[in-house]
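The values are calculated or read from the model by the stated rules, or taken from the named source; none is laboratory data. As the structure is a computational prediction, the values presented were derived from the model and not from experiment. Ideal geometry is used to build each Cβ from the backbone, glycine not excepted, and the neighbour counts take in all protein chains shown. Heads up: the accessible areas ignore ligands, DNA and RNA and are worked out on the full protein's heavy atoms, side chains in. Shrake-Rupley method; radii C 1.70, N 1.55, O 1.52, S 1.80 Å.
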Amino acid sequence: MSSISLHNISKVFPDGTRAVQEISLEINKGEFLVLVGPSGCGKSTLLRLIAGLDELTSGSIKIGGKDAASLLPKDRDLALVFQNYALFPNLSVYDNLAFGLKARKVPKAIIKEKIIPVSQRLGLAELLQRKPDELSGGQRQRVALGRLLVRNPSIHLLDEPLSNLDANLRTSMRHELAQLHNEYQKTTLFVTHDQVEAMTLGQRLCVMNQGHIIQVGTPTEIYDFPEYRFVAEFFGSPPINLLKGKIESFQNNSSFTNGSIKIPLPMDSDLAEGEIELGIRPEDWIINSEASSQSVPVTLQRIENLGDSRILHFMDQENTIRAKSELREFQVGKPYFLTPQWNRVHWFDIQTEKRVLR
Ligand code: ATP
């Protein structure tokens, strides 16, 4: 059974903003699903609708098989962690952790029984008497998570919980969150606009744009088979190369042309003649110093050294092309020849921006 079921839900704010538009989605019990997309695409609104903090304009939500319309927010068996943690500044860590249970009139002794193991698990045991302003960002973030774990609801809703942390802490908290999910196996909806967070945490990703779901899939499906140009561009660093051009055929041989570039396609290509956009991820070029029948001649303009790999900025007569390589022998100013790894390229329709299946 789905833990959360969204059926054709929309949210239009009074000023006419269509924040969420006709979204349907099933979230499985125990699943870690990441809602990801650019700022303003409706991720937080979707989470707030599930939590019952905003009212639906249309559609319906089921939580644990029950129509959410019949459930008050407090009866939805879920908890939400916000980006700013929303801790009570005047309460100690202990009282912050206890707050949700106290509000539910849970006896003091039981509250203590629940807080002790969670505070130990999260490394907060020594900090229970401190106030939030006496904690580091990472510790505050742990208190917010601890508050959720102490209540132990079936559904965890996390709205950009790592975005206030510095890069190192984000990485370690990411790991921590994945481990917590492994241990507790709660249905988790995690909102982020960060592609790395999405790819590394999500069992499935739900990619949103302008209030719509664009694609739902595992990180591998999303990265290797983006259904839209938008998804291909959103994931990957440095970003995918997108070249607008056309397929031309001559005596049973097809090639892709774009101004200065003309690349013969493999013999088994069945792409129709006409305009198209070719997407090639930087790591999907074969880079040679000798020409071949399928290569694009380019000059190396700039190298960005990432330590374990190099981002290479090439130029042909018109286009800048990004490539990525773990090799170290490249020289700025030298000519090179790029050949696509054809089994890894992406084709998109110029009008609909939808993937053209090969
Ligand atoms: P971010 O990553 O920046 O937090 P988001 O994807 O979570 O963005 P939402 O906060 O859900 O996006 O907002 C979706 C759209 O709805 C935006 O255009 C936003 O300006 C608008 N919006 C959000 N809340 C309201 C509101 N109370 N009244 C009117 N418009 C709103």
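Hey, got the Cα dimensions of the stretch 76-211 along the principal axes, in Å, largest first?
Cα spread of the stretch 76-211 along its principal axes, largest to smallest: 45, 31, 27 Å.
Provide the percentage of antiparallel DSSP beta bridges, counting only those with both residues in the chain; round to the nearest 5.
75 percent
What size of dipole, in debye to the nearest 20, comes out for the stretch 1-88 about its Cα centre when the only charges are +1 on Lys and Arg C-beta atoms and -1 on Asp and Glu C-beta atoms?
So the magnitude is around 80 debye.
With a 1.4 Å probe and every protein chain left in place, work out the accessible area per residue of the chain in Å², rounded to a whole number.
The answer is 50 Å² per residue.
Once the piece of chain linking residue 269 and residue 248 is laid out straight, how much longer is it, given 0.36 nm per residue of separation minus the C-alpha distance between them?
Answer, rounded to one decimal: 6.4 nm.
Filter the trypsin sites (Lys or Arg not before Pro) in the stretch 135-209 down to the DSSP loop ones having no more than 10 other Cβ atoms within 10 Å, then list what survives. Don't skip to the answer; put the middle values down first.
Values: sites: 140, 142, 147, 151, 170, 174, 186, 204; in loops: 186.
Qualifying residues, ordered by number: none.
Taking Cα atoms, how many degrees apart are the long axis of helix 137-151 and the longest axis of the chain, rounded to 10 and kept between 0 and 90?
It works out to around 60 degrees.
Would you mind checking the stretch 164-204 for residues with the amide N under 16 Å from a putative spin-label position 7 Å along Cα→C-beta of residue 283?
Output list for this probe position: 195-201.
Taking the Cα atoms only, what angle lies between the long axis of helix 167-184 and the longest principal axis of the chain, rounded to 10 degrees?
60 degrees
Between residue 331 and residue 7, what is the spin-label point distance in nm, taking each point 7 Å from the Cα along the Cα→C-beta axis?
With each label point 7 Å from Cα toward Cβ, the separation is 6.8 nm.
Kindly state, to the nearest 0.05, the FRET efficiency for residue 305 paired with residue 351, given R0 = 41 Å and r defined as their beta-carbon distance.
Details: r = 40 Å, r/R0 = 0.97.
The value I calculate is 0.55.
Using a 1.4 angstrom probe on heavy atoms only, work out the carbon and sulfur share of the accessible area of the chain in %. Mind dumping the intermediate values first?
Working: 8510 of 17870 Å².
Taking all protein chains in place, the chain shows 48 percent carbon and sulfur surface.
So what's the gap between the Cα centers of the stretch 273-291 and the stretch 1-38, to the nearest angstrom?
36 Å
So which trypsin sites (Lys or Arg not before Pro) in the stretch 33-135 pass both tests, a DSSP loop state and at most 10 other Cβ atoms within 10 Å of the Cβ?
Those satisfying the criteria are 104, 105.
So if the hydrodynamic radius of the chain is defined as the Kirkwood radius over C-alpha pairs, what does Stokes-Einstein give as its diffusion coefficient at 10 °C and 1.306 mPa s, in µm² per second?
Here the translational diffusion coefficient equals 68 µm²/s.
Please compute the length gained on full extension between residue 183 and residue 260, using 0.36 nm multiplied by the number of residues separating them and subtracting their Cα-Cα distance.
Numbers: separation 77, 0.36 × 77 = 27.72 nm, distance 5.50 nm.
Working it through step by step, the gained length comes to 22.2 nm.
When the Cα centres of the stretch 320-341 and the stretch 51-88 are compared, how far apart do they sit, in Å?
Centre-to-centre distance over Cα atoms comes out at 50 Å.
Using Cα springs under 10 Å in a Gaussian network model of the chain, which residue among 91, 306, 157 shows the largest mean-square fluctuation?
Fluctuation is largest for 306.
Based on the Cβ-Cβ distance of residue 120 and residue 66, what FRET efficiency does E = 1/(1 + (r/R0)^6) give at R0 = 25 Å, to the nearest 0.05?
Working from the Cβ atoms, E equals 0.15.
Out of 292, 303, 274, whose Cα points farthest toward the positive end of the dipole of the stretch 241-356 (charges: +1 Lys, Arg; -1 Asp, Glu; placed on Cβ)?
303
Bin all alpha-carbon pair distances of the stretch 241-356 at 10 Å intervals from 0 and give each bin's fraction as a whole percent.
Pairs per bin, as whole percents: 14, 46, 30, 10, 0.
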